[in-house]
Amino acid sequence: MPLNDSYDTLGLVRDSATSKTVRLAYAKKLKTIRPEDDPEGFMVLRTAYETVRREIQWQEQDLARNATKTDVDSQSESTKSQQTPKPDSDIDLGRAAHFNQELKAWLPADALGHLVEHIVRWVVEENASQPKQFFATLNEHAAFTDTDNTQKLTRKLSDYFINWVANAADIFDDYGALADVSNIKKPKWLTDEAIIAFYEYFQWFPQDAQESWEARQINALAALFEPVLLAHNVISEPLQRIDADELEALEITQQNQDDFGSYFNRQTRKWVDQSPVGCAVQDAQALVDRDSGAGILGAWEEIIEREALQPIDEFQSLSQRLLELICHETGFGNREQPKTPIPNWLTGPVLRRLDNQFGWSSQNVAHHWQRSQSNWFSLLFAPYKSASKSVDLFHPNIHVNIKSYAFLGYQPMPIWLKATTLFFMYIAYRIALPIVIAASHG
Amino acid sequence: MIVGIDLGTTNSLIAAFGKDKPVLIQNAVGDFLTPSAVHNNRKNGILVGQAALDLLTTEPQNTAARFKRRMGTNGVLQIGRDQFLPEELSAFVLKSLKADAEKELGETIEDAVISVPAYFNDIQRKATIAAAQIAGFNVRRLINEPTAAALAYGLHAKENESTFLVVDLGGGTFDVTILEMFSGVMEVRASAGDAFLGGEDFTDCICSYFLKSLGYEEDGLPNADHARLRALAEKIKQQLSSSPTANGVFVREGTEYPLTISRTLFEELTEKLTRRIRLPIQRAISDAQLTPAQIDRIILVGGATRMPVISNLMTKLFKRFPEFDLNPDHVVALGAAVQAGLLERHKALEEMVMTDVCPFTLGHDISRILSGPNDLETGIFAPLIERNTTVPVSRSHIITPLRPGGRHLAIDIYQGEAPYVKDNIKIGSYNVPIPYNPKECENVDIRFTYDTSGVLEVLGTVVSTGVVSKLIIERTPGQMSPQEIKQRFTALERIKIHPRDEIKNAALIARLNAEYENTLGQQRQSISDWLVTFEIALKTHDKREIEAARKAVEEHLQFLSGSNAFE
């Protein structure tokens, strides 16, 4: 059902709806369209309600997620709707600026933009010739005369320009700024003279970075500039590098932190999950890697019966992650069916115990991906499953243990009173009697 | 007037919506709870309730209990000389409740709302309706037990908007339901459960443990003794709810065997059962797409939730305490009465609307092509209506025959959650006639429509021609036909039922007999004396004397057993 129709059915206006108003609207409509009296109308209303509710839920989740991001991002969100960036705001490249295709530069939409454009044109069109004179004349530019705070302006200019230089010099690869810049092809305007001029005017080094991508960018440029500056004796020692890895580890940890001290390990470049579920999954992975069948049932049981994994949240999360682990390790996604024989770390009793605990083979989930994983597990589990207690109404197979109910008074019919016995007795009577009579007469 | 009935595995109750709130109705012996037990005595007729339950220990061959578990199966039960279906036994219980209600309310009662476990499948629900019809009721609606509990709590609630998790552990069934209440709308979000898990299973655990510690095999005891041991196990289980250890004495063939069990040992013995409780809860929460933090209230319903094992488990799962303000035994009946009131459009309830969900996935079987055209995987379950969708609901999808050139497209309709149809329950089959086309496969659009009374309608439309054919699954095979029901109804009318006025006396005699079996020596002698005294008083046919004698004997019994074990 199209989204707008859903809003109309509920009588709501699209942008002003919150989860509370959606509920109230649904409740109001439900008073008149009752399910017993008007099933079709109710179905339409219900579909509308569910569609709208889902969308509002996502919107609210998005908002909540964005609210936890770092300051820069949230401020850049707020500047989205503004015409000019506030002078005090930090650099937000790309939000309030527009991208000039010709120069391939981000230009803010104010005097600063003109300034950046001016410099960029000088670099590109005049090949950054006579940088010293150019920078001397720069201070007479309109932007500098118009503003009160030249220091701040210089700072912002420097930030914009460094980004442009980094882009123009192409020091990036797919993951961010290169660590090793010795192999890049320097653009022709990046002469030694230009480099020295940039260095002296903009004072880019040493610098602090707020975010890891900034840090990497600065490091890359430092690597690029350093040999030139050292060669010309502009500087005597190598430029200071910023510890980008540290910043990155801090960012990731802050974003995903939980109560158990999970953190990002910069040496292995991996997230170290110290929550109970994370530890359990790691221990399970260790069992898989160990790949031996000795004591395997006890080992699995020890993992899944931990006290901290019993609450519902942890239980659900563990169920999902263990299922994913098992599917991944038995070839899910690469093959049609699991390879036989099953690996050592997954014996029949282990499968039964896991299924008993998490119910993977008997609980179809609505989500497509999880359902295919459940089906995969059922395929793995099928040979080890105890006989299924299916109910076929045409051939009922109800096994009642008569003995266990005997004490309640359910006794079987005495054998001589059973219908079959009586039937045979009657047949025998009908057959035997004439024979006996004939025999006695004859 | 419409009444609400809780037809439970262990106990049944009946209630009606009074002026502004639901009210329980007392039975002939003055209790709200009527044990679901039936005793067949050729001379005096059918006896239902506490008396029958006591007679279970003294005359087990003539008594039946816990037959709710067998509803929907073909198992015929033999009591004494007669055979009964579980539907008929339930009908006896319902009839007795009907008589109680008619006495209290002073009018003939015909319409009822009956509670069923949310996790009862189609067959079991139809059996419940059949039982009610045999008893002479017109079933207006079947209500799911956790929904009924939530209705009762909902009226009771102070805030206007909240999300409930109702955990209902009754005598024989376990249900979990998540409900949302806002602006007078009670909406069921998800439902799950286990139709074969209940308080009785916990009692069975204790009983097996006692058997083992006495040195007997599983069925080593004769029926009567086993019945008494089980009754003792039941008493001990209830004692464990209030004290960390419980003791009892089992009397057999003149010797007394003291038996004891501690709460920790009980928790160990029932570990497998408590594990089965967690899965449905988790599934209900994930189906409702909620997190445990979004659930405002956790409500425990059903007598078995009195066990500390259960409330501890809930606290462990949710890291907070559940609530059980209302009497867990009464809640479902009160809720059923609220639904009855809603159906009557009672003034006090005009603002409330309720929507429910279907607890099982409905779908049909399909085959999937694997690698080559002849490599098929058959028997796969293709769900069409997912579980926990709000009813009434209608869904459709298009299916193709495997090969062109057929004249029918045959599908079997199943209900269940397993990925392969052999593990699900078949509820019908359907043949869609398709036009003969040797070149292409004729696609068919299958539409399932499921309404609030649980009737599934299947519509098959051939895509190319637009011809529609319909199948309505109202009756599952193996279920009673209307003629059969009528037949049994008339048969029931003819069966002699113990006169209502004399039920109290019969109950007391049964109770005395049961206690007699359970005691030795001096106490036994006293009970025997009281029995004789009471029977003499009965013979006088003088109401007041009988009343006085009954009171005296009841007092003696109270003193003897300490507290009433079946309260």
In the range B:212-256, how many residues are of a type outside the set (K, R), assigned to a helix (DSSP H, G or I) and within 14 Å of another protein chain (Cβ to nearest Cβ)?
-> 10
Filtering the range B:263-278 down to residues that are at the interface with chain A (Cβ under 9 Å from one of its Cβ atoms) and free of Cβ contacts under 8 Å to residues at least 12 places away in the same chain yields B:K272, B:R275
Look at B:A152 and say whether it is farther than 21 Å from B:T355 by Cα, under 18 Å from the mean Cα position of the chain (by Cα) and of a type in the set (A, V, I, L, M, F, W, C).
-> no
For the range A:28-60, how many residues are within 10 Å of chain B (Cβ to nearest Cβ) and closer than 18 Å to B:S396 by Cβ?
-> 7
Select from the range B:32-48 the residues that are away from chain A (no Cβ under 14 Å) and at pLDDT 90 or above and list them in ascending order.
-> B:F32, B:L33, B:T34, B:V48
Counting only residues that are surrounded by fewer than 22 Cβ atoms within 10 Å (Cβ to Cβ) and on the phi < 0 side of the Ramachandran plot, which one in the range B:162-185 is farthest from the chain's Cα centre (by Cα)?
-> B:F182
Looking at A:A197, A:A222, A:A249, A:A215, which one is of a type outside the set (F, W, Y), without any contact (Cβ under 8 Å) to a residue 24 or more places away in the chain, assigned to a helix (DSSP H, G or I) and under 22 Å from A:D159 (Cβ atoms)?
-> A:A222
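If you take the residues in the range A:9-27 that are polar (S, T, N, Q) and either within 28 Å of B:E457 (Cα to Cα) or not in a helix (DSSP H, G or I) (or both), which one is nearest to the other protein chains (Cβ to nearest Cβ)?
Filtering the range A:9-27 for residues that are polar (S, T, N, Q) and either within 28 Å of B:E457 (Cα to Cα) or not in a helix (DSSP H, G or I) (or both), the one nearest to the other protein chains (Cβ to nearest Cβ) comes out as A:T18.
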Given the conditions (1) facing chain A (nearest Cβ under 10 Å); (2) more than 25 Å from B:T147 (Cα to Cα); (3) of a type in the set (A, V, I, L, M, F, W, C), and given that B:V393 satisfies all but one, which numbered condition is not satisfied?
-> (2)
Those residues of the range B:53-79 which are more than 8 Å from chain A (Cβ to nearest Cβ), in contact (Cβ under 8 Å) with a residue 40 or more places away in the chain and closer than 27 Å to B:N518 by Cβ, in sequence order | B:L53, B:D54, B:L55, B:T57, B:T58, B:K68, B:R69
Does B:G416 satisfy being of a type outside the set (F, W, Y), touching a helix residue (DSSP H, G or I) at 6+ places or on another chain (Cβ under 8 Å), within 26 Å of A:E40 (Cα to Cα) and buried (at least 20 other Cβ atoms within 10 Å of the Cβ)?
-> yes
Where B:N74 falls short, out of the listed (1) modelled with pLDDT under 90; (2) in contact with a helix residue (DSSP H, G or I) (Cβ under 8 Å, 6 or more places away or on another chain) = (2)
On the given criteria, is B:V23 at pLDDT 85 or above and farther than 30 Å from B:N121 by Cα?
-> no
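For (1) within 11 Å of another protein chain (Cβ to nearest Cβ); (2) crowded, with 17+ Cβ neighbours inside 10 Å, each residue gets a yes or a no:
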| residue | (1), (2) |
| --- | --- |
| A:F264 | no, yes |
| A:D273 | no, yes |
| A:C279 | no, yes |
| A:E301 | no, no |
| A:A308 | yes, no |
| A:E314 | yes, yes |
| A:P338 | no, yes |
| A:V350 | no, yes |
| A:S374 | yes, yes |
Residue ranges of helices (runs of 4 or more DSSP H) in the range A:347-442 with at least 3 members modelled with pLDDT of 70 or more and more than 30 Å from B:D287 (Cα to Cα) | A:419-441
Of the conditions (1) of a type outside the set (V, I, T); (2) modelled with pLDDT of 85 or more; (3) in the same structural domain as B:D20 (by TED's automatic domain parsing); (4) under 26 Å from the mean Cα position of the chain (by Cα), B:E386 clears all except one; give me its number.
-> (3)
Considering the range B:279-308 alone, what residues qualify as being away from chain A (no Cβ under 14 Å), assigned to a helix (DSSP H, G or I), within 24 Å of B:A195 (Cβ to Cβ) and of a type outside the set (K, R)?
-> B:G303, B:A304, B:T305
Please specify each residue of the range A:289-314 satisfying the condition of being of a type in the set (K, R) and assigned to a helix (DSSP H, G or I).
-> A:R290
Pick out the one residue from A:S262, A:S236 that is closer than 27 Å to A:I195 by Cα, of a type in the set (S, T, N, Q) and either without any contact (Cβ under 8 Å) to a residue 40 or more places away in the chain or touching a helix residue (DSSP H, G or I) at 6+ places or on another chain (Cβ under 6 Å) (or both).
-> A:S236
Output the residues belonging to the range B:80-121 that are touching a Ser or Thr at 6+ places or on another chain (Cβ under 8 Å) and without any contact (Cβ under 8 Å) to a residue 24 or more places away in the chain.
-> B:E102
Taking the range B:173-211, which residues are within 11 Å of chain A (Cβ to nearest Cβ), out of contact with any Gly (no Cβ under 7 Å at 6 or more places or on another chain) and over 20 Å from B:M314 (Cβ atoms)?
-> B:F182, B:S183, B:G184, B:V185, B:E187, B:F196, B:D204, B:C207, B:S208
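The values are calculated or read from the model by the stated rules, or taken from the named source; none is laboratory data. Because the structure is predicted, anything quoted here is derived from the model rather than measured. We place every Cβ from the backbone using ideal geometry, glycine too, and count neighbours over all the protein chains shown.
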